[in-house]
Amino acid sequence: MNLNSIGLPATQSKELAGDLNILLANFQTYYQNLRGIHWNIRGRSFFDLHAKFEELYNDANMKVDMLAERVLTLGEVPLHTFEAYTRASRVPVGKNISKDEEAIRLIVDCLKELLILERQILEASDKANDEGTNAMMSDFITEQEKTVWMMKAWLAEKI
């Protein structure tokens, strides 16, 4: 078996890096959505949501960096152009969203897609014995599930 410099199967690492690049692209779209709703939110919830959206986009920005660095650690090149992000992303794109409920629903819809991708990567990284990617996905999933619960609570909806 051909192992890379960190002792993982080279072929599986390349595939995982590809999956992580797709997640990276989706996170970049999610990040831009969060910036947009942060800038454009209006109404009585402005102060609370403006601050919350900033917290979320700062977190997403940190995760983008972590994903890119993991792709590099696996020996591949992270996606880094808007064209590549647009091609690979499947999270919904929010445009001109200024209403609180619409903004929260966009976050929930984006996180649902991110969680689906992260669970797929978690399964693949487990099979490759890639604990670094596995731990990252587990952490992302745990945080995002809590965020979905909180957003659904704000909407007065069940998970």
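The values are calculated or read from the model by the stated rules, or taken from the named source; none is laboratory data. Just so it is clear, the structure is predicted and the values come from calculations on it, not from any experiment. No Cβ is skipped: glycine too gets one built from the backbone with ideal geometry, and neighbour counts run over all protein chains shown.
I'd like to check something: does the stretch 57-72 contain any residue that is surrounded by fewer than 16 Cβ atoms within 10 Å (Cβ to Cβ), among the polar types (S, T, N, Q) and in contact (Cβ under 8 Å) with a residue 40 or more places away in the chain?
There is no residue in the stretch 57-72 that is surrounded by fewer than 16 Cβ atoms within 10 Å (Cβ to Cβ), among the polar types (S, T, N, Q) and in contact (Cβ under 8 Å) with a residue 40 or more places away in the chain.
Out of Glu76, Glu113, Glu83, I need the residue that is among the charged types (D, E, K, R), modelled with pLDDT of 95 or more, in a helix (DSSP H, G or I) and surrounded by 13 or more Cβ atoms within 10 Å (Cβ to Cβ). Which one?
Among Glu76, Glu113, Glu83, only Glu113 is among the charged types (D, E, K, R), modelled with pLDDT of 95 or more, in a helix (DSSP H, G or I) and surrounded by 13 or more Cβ atoms within 10 Å (Cβ to Cβ).
Can you tell me which residue is nearest to Leu155 (Cα to Cα) among those in the stretch 88-102 that are of a type outside the set (Val, Ile, Thr) and surrounded by 18 or more Cβ atoms within 10 Å (Cβ to Cβ)?
Asp100
Given the conditions (1) within 20 Å of His50 (Cα to Cα); (2) surrounded by 19 or more Cβ atoms within 10 Å (Cβ to Cβ); (3) of a type in the set (Gly, Ala, Ser), report the number of the one that Ser125 does not fulfil.
(1)
Inside the stretch 116-144, can you point out the residues that are on the phi < 0 side of the Ramachandran plot and not in a helix (DSSP H, G or I)?
Selection gives Ala128, Asp130.
Give the residues of the stretch 1-31 that are free of Cβ contacts under 8 Å to residues at least 12 places away in the same chain and out of contact with any strand residue (DSSP E or B) (no Cβ under 9 Å at 6 or more places or on another chain), sorted by residue number.
Gly7, Thr11
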